[in-house]
Amino acid sequence: MKFSLPKLPEYSQRWFLLDLLGGIVGVIGEAVTKNIMVVYPDETVHVAKDMIYENKIGRLPVVSRNNTKKMVDIISRTDIIHAQEMVDRRPEE
């Protein structure tokens, strides 16, 4: 699911992005993603995995279905790898 964040307040435009030598390369407002992909706590790891790999992103915010502005967790590629390892280690029935 995708949703848009409201316009950032003016003060956030004053935070600067710096290069390794401390030179200003831009402002935070230019670097933030405005259309954020999210998953919900009741969705499967498979859904999150597909979104992460199809969109070439490293992590996804997990937000409440009742309030999409409330982040409850983050799921990363590493989390998905660990989940798959746990499934692979389960003894066969």
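At what distance in nm do the modelled label points of Gln84 and Val47 sit from each other, each positioned 7 Å from its Cα along Cα→Cβ?
Modelled inter-label distance: 2.0 nm.
Determine the order of Val63, Val72 by accessible area, beginning with the largest, at a probe radius of 1.4 Å.
On the way: Val63 5, Val72 75 Å².
In descending accessible area the options line up as Val72, Val63.
The values are calculated or read from the model by the stated rules, or taken from the named source; none is laboratory data. Everything quoted here is computed from the prediction, not taken from an experiment. Because the Cβ atoms are built from the backbone with ideal geometry, glycine has one as well, and the counts that use them run over all protein chains shown. Note: accessible area is taken over every heavy atom of the protein model, side chains too, but ligands, DNA and RNA are not part of it. Shrake-Rupley method; radii C 1.70, N 1.55, O 1.52, S 1.80 Å.
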